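Trainee: This is the structure I want to talk about, given as structure tokens.
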Amino acid sequence: MPSLSAQLTTSGPIDVALLDSRATTGFDGHKADAADAMAALGKELSDLQERLFAQARAEVGTRRVLLVMQGMDTSGKGGIIRHVAGLVDPQGLAITAFKKPTPEELEHDFLWRVERALPQAGEIGIFDRSHYEDVLIARVRELAPAGEIERRYEAINDFERSFVDGGGTLVKCFLHISPDDQKERLGERLDNPDKFWKYNPGDVDERLLWSDYAAAYNVALERCSTDTAPWHVVPSGRKWYRNWVVATLLAEALRSMDLQWPAADFDVDVEKARLAAS
């Protein structure tokens, strides 16, 4: 069976409206089995992330990882940060949640603020939303001229290619939910006072533009899924499956880097003797 990454990679034209948000591609089990699978992944991810971090600290590695998460409201970006990023040492994480651009950010090219948020060597960076907002909401809400939106697709491809060529590994996840999934999750927030803080009345306004956002995602996924930086469609109607997928994709990316512990840059036997005599 091909890797999960290969099974979920997009290629060519796509219609997100036809995708099954509750699929469990690549998972041979049920919800009850996911906890054990996540525990096993957690141990591996923790080890691999520490190796990545150690290499940078020892100045023998410059590699870094960036996890990009995009999806409709309630698709689970925050849940992934809790349940997947929470599996590794936080000192090796760089998490950025992109909001509405500030006046300063609007004075620059749309990628300016993104470049400033890229992870450093040895880090796993996580983008909660990303540079793709500038071809998604900007396209739907007409926040930039059509010609500028068109220019941005290739600018994104060049930007991502440069990141990878510079030693970065990119994992892009489109967290796919259906309108029914979203309606259920928004309803849960309104039914639970502990979740009121997560509810934004503006989410319903955006929901009314669902078909427009779906069309914008179709273009972004088609135009910006490259050999260098492919998009992965993550069915997110089942939260437990979504978390397992993203953890697995991250583990696959780290495994592919063949991370080794840095060798000692001192004589171990000499240091043992010095320590014993101290």
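Trainee: Show the residues, 5+ positions off or on another chain, whose built amide H is closer than 5 Å to the amide H of residue 94.
Mentor: Hits under the 5 Å cutoff: 124, 125, 126.
Trainee: With label points built 7 Å along Cα→Cβ from the Cα atoms of residue 91 and residue 218, find their separation and express it in nm.
Mentor: Those two pseudo-labels are separated by 4.9 nm.
Trainee: For the full complex of protein chains and a 1.4 angstrom probe, list 244, 112 by accessible area with the highest value first. Walk me through the numbers before you get to the answer.
Mentor: Values: 244 30, 112 55 Å².
Largest to smallest exposure gives the sequence 112, 244.
Trainee: Can you tell me the length gained on complete extension of the stretch residue 205 to residue 62, counting 0.36 nm per residue apart and subtracting the Cα distance?
Mentor: Numbers: separation 143, 0.36 × 143 = 51.48 nm, distance 4.32 nm.
Value of the extension gain: 47.2 nm.
Trainee: Step through the residues of the stretch 119-136 one at a time and calculate ³J(HN,Hα) from phi using the Karplus curve (6.51 cos²θ - 1.76 cosθ + 1.60, θ = phi - 60°), rounding each to whole Hz and writing x for Gly and Pro.
Mentor: x, 7, 3, x, 9, 9, x, 10, 9, 8, 6, 6, 4, 6, 4, 7, 10, 10
Trainee: What are the ³J(HN,Hα) values, in whole Hz, obtained from phi via the Karplus relation 6.51 cos²θ - 1.76 cosθ + 1.60 with θ = phi - 60°, for each residue of the stretch 236-250 in sequence order, with x given for Gly and Pro?
Mentor: 10, x, 10, 4, 5, 6, 3, 5, 4, 4, 5, 4, 5, 4, 5
Trainee: To the nearest µm²/s, what D does Stokes-Einstein give for the stretch 183-278 at 20 °C and 1.002 mPa s, using the Kirkwood radius over alpha carbon pairs as Rh? Let's see the in-between values first.
Mentor: Working: Rh = 18.9 Å.
The Stokes-Einstein estimate is 113 µm²/s.
Trainee: Calculate how many DSSP beta bridges within the chain are antiparallel, expressed in % of all such bridges and rounded to the nearest 5. Please list the in-between numbers first.
Mentor: On the way: 1 of 24 bridges.
In the chain, DSSP labels about 5 percent of beta bridges as antiparallel.
Trainee: Would you kindly give the portion of the calculated P(r) for the stretch 1-152 that falls above 22 Å, as a percent of all Cα pairs?
Mentor: Working: 6327 of 11476 pairs.
The answer is 55 percent, as a whole percent.
Trainee: I need the per residue convex hull volume for the stretch 78-227, using only the alpha carbons, in cubic angstrom as a whole number. Before the final figure, lay out each step's value.
Mentor: On the way: hull volume 21.4 nm³, N = 150.
So the per-residue hull volume is 143 Å³.
Trainee: Taking the Cα atoms only, what angle lies between the long axis of helix 179-191 and the longest principal axis of the chain, rounded to 10 degrees?
Mentor: 80 degrees
Trainee: Also, quick follow-up: Please give the peptides 151-158, 96-103 ranked by average Cβ packing (other Cβ atoms within 10 Å per residue), highest first, as a rough proxy for protection.
Mentor: Working: 151-158: 16.5, 96-103: 12.5.
Peptide ranking by packing, descending: 151-158, 96-103.
Trainee: Turning to a different aspect of this structure: Can you list the lysines whose alpha carbon sits under 28 Å from that of residue 100, skipping same-chain ones fewer than 8 residues off?
Mentor: Counting by Cα, and skipping residues close in sequence, residue 100 has these lysines nearby: 77, 172, 183, 195, 198, 239.
Trainee: Still on this structure: Can you give the extra length, in nm with one decimal, that the chain gains between residue 158 and residue 6 once fully stretched, where that is 0.36 nm per residue apart less the Cα-Cα distance?
Mentor: Numbers: separation 152, 0.36 × 152 = 54.72 nm, distance 2.24 nm.
So the extension gain works out to 52.5 nm.
Trainee: Near residue 101, within a Cβ-to-Cβ distance under 12 Å, what is the net charge of the other residues, with Lys and Arg +1 and Asp and Glu -1?
Mentor: Numbers: positive: 99, 100, 113, 129; negative: 104, 105, 107, 109, 133, 134.
Overall, the nearby charge balance is -2.
Trainee: Just add up the charged neighbours of residue 74: K/R +1, D/E -1, any other residue whose Cβ is under 12 Å from the Cβ of residue 74.
Mentor: For residues surrounding residue 74, the net value is +2.
Trainee: Only helical DSSP H runs with n ≥ 4 go in: add -39500 (n - 2.57) per run for the chain, normalise by residue count and round the 222 nm mean residue ellipticity to 500 deg cm²/dmol.
Mentor: -15000 deg cm²/dmol
Trainee: I need the peptides 125-131, 195-201 ranked by packing, meaning the mean over residues of other C-beta atoms within 10 angstrom, with the highest value on top. Intermediate results must be reported in sequence, preceding the final value.
Mentor: Numbers: 125-131: 21.0, 195-201: 11.7.
Top to bottom by mean Cβ count within 10 Å: 125-131, 195-201.
Trainee: Under a point spin-label approximation (7 Å from Cα along Cα-to-Cβ), what is the residue 40-residue 102 distance to one decimal in nm?
Mentor: Label at residue 40, label at residue 102, 4.5 nm between them.
Trainee: Oh, and also: Which residues' amide hydrogens lie under 5 Å from the amide hydrogen of residue 63, considering only partners 5 or more residues apart or on another chain, with H built in the peptide plane?
Mentor: 122
Trainee: How many percent of all Cα-Cα pairs in the chain sit more than 31 Å apart?
Mentor: Values: 11772 of 38503 pairs.
The share of Cα pairs beyond 31 Å in the chain comes to 31 percent.
The values are calculated or read from the model by the stated rules, or taken from the named source; none is laboratory data. All figures in this text were calculated on a predicted structure; none of them were measured in a lab. Virtual Cβ from ideal backbone geometry, glycine too; neighbours counted across all protein chains shown. Accessible surface areas use protein heavy atoms only, side chains included; no ligands, DNA or RNA. Shrake-Rupley method; radii C 1.70, N 1.55, O 1.52, S 1.80 Å.
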